[in-house]
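K.L.:
Dropping the structure in here first, questions after.
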Amino acid sequence: MKISLGSNIASLRAQRRLAISNDEISKTFERLSSGLRINRASDDAAGLAIADSLRTDSRLYGTAIRNINDGISALTTADLALENLSGIVTRLSELAAQSANGVYDSTQRQALDNEAQALAEEYQRIVEATTFNDIALLSTENGQLNLQIDIGTTANDILVAYLPEAGNKTVGNGTFEDALDVAVTLGSALRETVAADIDNDGDIDVLATTNGGLSVLENDGSGNFTETTLGIGIGVHLEVGDFNNDGNIDIAANNETGDTVSLALGNGDGTFQSILSYAVGNAPRRISLGDIDEDGNLDIVASVIGGAETSVYVLFGNGDGTLQAATTVNVGDYQNTVELGDVNGDGHLDIVTGQHGGAIGVALGDGAGNFAPTITYSVGSGLIKDIDIGDVNNDGLLDVVAARSTGDLWVFLNDGAGTFNSTISYNLASVGSGAYWDVELVDLDDDGNLDLGVASAGTAIEVFMGSGNGSFTSNGTYAVTSGEARSLSYADFDGDGGIDFVASSGADQDAAFLFANTQTVSGLASFSLLTEESSREALDSFGETLAQISADRGNLGAYQSRLSVALSKNYAAQQNVQAAESRIRDADIAQEAASLVRLQILQQAATSILASANQAPSLSLALLS
C-alpha cells in the first residue's frame, strides 16, 4: 500500500459516499415528512406530468359532481312545484265536477267559481315564484327553458333538461290565415262540415256531407287532410255523439227529403254500421243532442220547416244505439234551428228554437222529457237561420245569439229565470256579405270571453270578439271560394293550440279551413264554472292539464334518474383517478422507512470510515521518525 502526504484518496472516497448517503437520506426525510414520492420535477419528470393530469381530472370530476348535485336540486325544485300545481288542478277538477252537477243553482256555482278562480291565481303565482338561483324554472318569456347541466370533464358532457312551461300556453289571437280550400269529391253541393275524431287517433277529422253522400277528411295531426268517401248518404245536418255508449263517435243527421232522422253507429276506426232511420215531421232542418230525460243516454231533438209545423220532434235514446219513436213538443212556429241547454239553471235541459217568423222560442224542461209551454221572444221579420247558446256576459246564465237571414246578429241576454225579457241587447250589422247561415260561440283568444264565428251567404266567414259583457266587435272577414259559406265548425286541427274554423263552401264543394294565428300567454287556460256546460268544458281542460303535468313530472324524473347515474359514474371516476395519482405521486411509507434505516447505517458507517481515513496520513510520520 502506498503511503503519501500529498493526497488522501481513501478520505475522498469516504467523503463521496458520505455525501451520497446524506443526499439520499435527505430525500427520504422529505418523502416521509411530505408523504409524497414526487416533491419536485427532478424526482420523476414523466411521473409528475401524469400525476398532474390525473389531479386535474380529479378536480374536474369534483366540479361535475357539484354541477350534477346543483342540477338535481333545480329539477327537484321544479318537480315539487309541479306536485303542488297537480294538487291545485285536482281540486279544480273536483270543483268543476261539482259545478257540472245539475242540482246546483247559479248562486252556488258562483261560490264554486270564486274558489276555482282563486286557485287559478295561486297556480300562476307558484309558476312565477318557482326559481333556482334567480332562474325561472316553469315560466319563461322566450319559450321553453333548456337547462344545460355539465355532467362530465369535457365540453361535450352536457345534459339538456327541457323544463315544462307550466305557466305558458299557446292560444289563438282572434285572427286567421287566409282560407285554405280542401276539395271534397261528393256528388253535389257541400252542405255540412263537422269536426270530430272518428278514428280515435287523437287528431280532429272533418265529416263533410251533401244530399248525396258522406266523406271524412282524415287529419294527419298537422292540418293536412286526406279524403275517404264513406259511401253512405245519411243526411244534411250532422251532429256527433255516442249513442250506444261504446266510446266511439256515432253520427246523427236529418234527412229533409226523407222526413227522417238517421243514425250511423261508429266502429271507432273511421267506418260506420248500417244506417237506422226514424220518422219525424215534414222536412227536418236541424238537430241537437243531449240527455233530455236524464237516463244517461243521448237523445235527439229535431226542428222541422215543412208544412208550417209548430212542433219539434224528440227521439229518446235507448242506450244501445237505437231510438224510440218521435214525440212532439209544441214551440209555436216552425223552426230553422234548435239547441239544447239549461237556460234557467235548474239542472235540466231546455229547448231553444230559432223560428221562421224572426223569434226565438224557449221551452223549459223538467228532466223527465216533459216541457213547459214555449215562450217566444221576437226580433221582428227576418227568419232566424241559426242560434247558439252560451254565457256571453259572464253572469253564469246561458244567453242566446241568433243569426238572421237579413245579415245581422242578435244577442238575447238571460235575466236569470230562463227568460229573455231584456229582449235585444246588441244588433251587430253584417259587413255586407249577405245572409248569415251559421253561428258558433267559442273563446278564440282564451281571454275567458266567448267570441263569435259566423258563416255568411256572401262567401265569407266573419269573426266577432266578445268583451265579456254581451257586446261584440268585428275582428275580420275571411273570404272562402265563390260558393256560400254554409255550416261552420271549430277545433284545433293543426295542433298549435289555436282554435281553427272549417266551413262548407256550398256549390264549390270545398271545405274551407281558417287556421288561427297564435300567441303565447301565461296561466291556466281560461275557464268558468258558472254554467253546467262551461263546467264540463273546464273539467275536460283540467284533465288535459293534469295529464300534461304528469307527463312533465315523468320527464323531470327521467332527467333526475339520468343525473343520478352520471353522479355515481363521476364518483367512481374521481376515485379511480385519485387512486392512479396516488400510485404515482405518494410515497410508500414502509419502503421509505426501511430505506431510512439502511441509509442511516450507511451514513454512520461512512462517518466512521471517514474519520479513520483522515488518520491514515499520520502513518507517514511514524516512518519518518
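K.L.:
HN-Hα J couplings of the stretch 196-201 from phi, Karplus 6.51/-1.76/1.60, θ = phi - 60°, integer Hz, Gly and Pro as x?
P.N.:
Once rounded to whole Hz, the list reads 6, 8, 7, 10, 6, 9.
K.L.:
Considering amide H positions built from the backbone, and no H for Pro or chain starts, which residues 5 or more places from Asp291, or on another chain, come under 5 Å of its amide H?
P.N.:
Long-range HN contacts for Asp291: Asp299.
K.L.:
At 0.36 nm per residue, minus the direct Cα-Cα distance, what do Asp23 and Ala279 gain on full extension? Give it in nm, one decimal, please.
P.N.:
80.4 nm
K.L.:
Using the Karplus equation 6.51 cos²θ - 1.76 cosθ + 1.60 (θ = phi - 60°), what ³J(HN,Hα) coupling, rounded to whole Hz, does each residue of the stretch 446-454 give in order, writing x for Gly and Pro?
P.N.:
Rounded to whole hertz, the list is 6, 9, x, 10, 6, 10, 10, x, 10.
K.L.:
Still on this model: Given Cα pairs under 8 Å that are at least 6 residues apart, what percent is the relative contact order of the chain?
P.N.:
19 percent
K.L.:
OK, next. Just read off the accessible area of Tyr490 with the full protein assembly in place, 1.4 Å probe, to the nearest 10 Å².
P.N.:
Only protein atoms counted, so the area is about 80 Å².
K.L.:
For the residue pair Ser33 and Thr63, what label-to-label distance in nm results when each label sits 7 Å from Cα along the Cα-to-beta-carbon direction?
P.N.:
Here the answer is 3.4 nm between the modelled labels.
K.L.:
Please work out the C-alpha center-to-center distance from the stretch 72-91 to the stretch 5-47 and express it in whole Å.
P.N.:
If you average the Cα positions of each part, the centres end up 67 Å apart.
K.L.:
I'd like the FRET efficiency for Arg91 and Phe132, computed as 1/(1 + (r/R0)^6) with the beta carbon distance as r and R0 of 25 Å, rounded to 0.05.
P.N.:
0.45
K.L.:
Separate question: Got a sec to turn the phi values of the stretch 9-22 into Karplus ³J(HN,Hα) couplings, 6.51 cos²θ - 1.76 cosθ + 1.60 with θ = phi - 60°, whole Hz, x for Gly and Pro?
P.N.:
Rounded to whole hertz, the list is 4, 4, 5, 4, 4, 5, 4, 5, 5, 5, 5, 4, 5, 4.
K.L.:
So how much slack lies between Arg55 and Gln615, counting 0.36 nm per residue of separation and subtracting their Cα-Cα distance, in nm?
P.N.:
Computed gain between Arg55 and Gln615 is 196.2 nm.
K.L.:
Here's another thing I want to ask about it. Amide H to amide H, which residues 5 or more places from Asp350 or on other chains are under 5 Å from it, using H placed in the peptide plane?
P.N.:
Gly341, Asp342, Val343, Gly365
K.L.:
When the accessible area of the chain is computed with all protein chains present and a 1.4 Å probe, what percentage of it is carbon and sulfur?
P.N.:
49 percent
K.L.:
Then there's this: When the dipole is taken about the Cα centre of the stretch 482-619, and only Lys, Arg (+1) and Asp, Glu (-1) are charged at their Cβ, what size is it in debye, to the nearest 20?
P.N.:
It comes to approximately 1680 debye.
K.L.:
Further question: Using the Cα centre as the reference, give the magnitude of the dipole from point charges on the C-beta atoms of the chain (Lys, Arg: +1; Asp, Glu: -1; all else neutral), rounded to the nearest 20 debye.
P.N.:
Rounded to the nearest 20 debye, it is 6060 debye.
K.L.:
So what's the gap between the Cα centers of the stretch 98-115 and the stretch 294-320, to the nearest angstrom?
P.N.:
29 Å
K.L.:
So if a site counts as exposed when it's one of the trypsin sites (Lys or Arg not before Pro), its DSSP state isn't H, G, I, E or B, and it has at most 11 other Cβ atoms within 10 Å, what's the longest stretch of the chain without one?
P.N.:
41-625
K.L.:
With labels modelled as points extended 7 Å from the Cα through the Cβ direction, what inter-label distance (nm, one decimal) is found for Asp246 paired with Asp415?
P.N.:
If labels sit at Asp246 and Asp415, their model points lie 4.9 nm apart.
K.L.:
Stretch Thr76-Asn555 to full length: gain in nm at 0.36 nm per residue minus the Cα-Cα span?
P.N.:
Between Thr76 and Asn555, full extension yields 171.2 nm more.
K.L.:
Let me ask something else about it. For a quick check: with amide H placed at 1.01 Å from N, whose amide H comes under 5 Å from Ala435's, ignoring anything fewer than 5 positions away on the same chain?
P.N.:
For Ala435, whose amide H was placed from the backbone, the distant partners under 5 Å are Ala457, Gly458.
K.L.:
Solvent-accessible area per residue for the chain at a 1.4 Å probe radius, Å²?
P.N.:
Result: 43 Å² of accessible area for each residue.
K.L.:
Aspartates and glutamates within cross-link reach of Lys169: Cα-Cα under 12 Å, excluding same-chain residues under 8 positions apart?
P.N.:
Straight-line reach from Lys169, under 12 Å: Glu141, Asp445, Asp446, Asp496.
K.L.:
At R0 = 60 Å, how high is the FRET efficiency between Asn146 and Ser608 if r is their beta carbon distance? Nearest 0.05 is fine.
P.N.:
0.20
The values are calculated or read from the model by the stated rules, or taken from the named source; none is laboratory data. Predicted model only: the values in this text are computed from it and were never measured. As a convention, Cβ positions derive from the backbone with ideal geometry for all residues, glycine included, and neighbour counts pool all protein chains shown. Note: areas computed on protein heavy atoms with side chains; ligands, DNA, RNA excluded. Shrake-Rupley method; radii C 1.70, N 1.55, O 1.52, S 1.80 Å.
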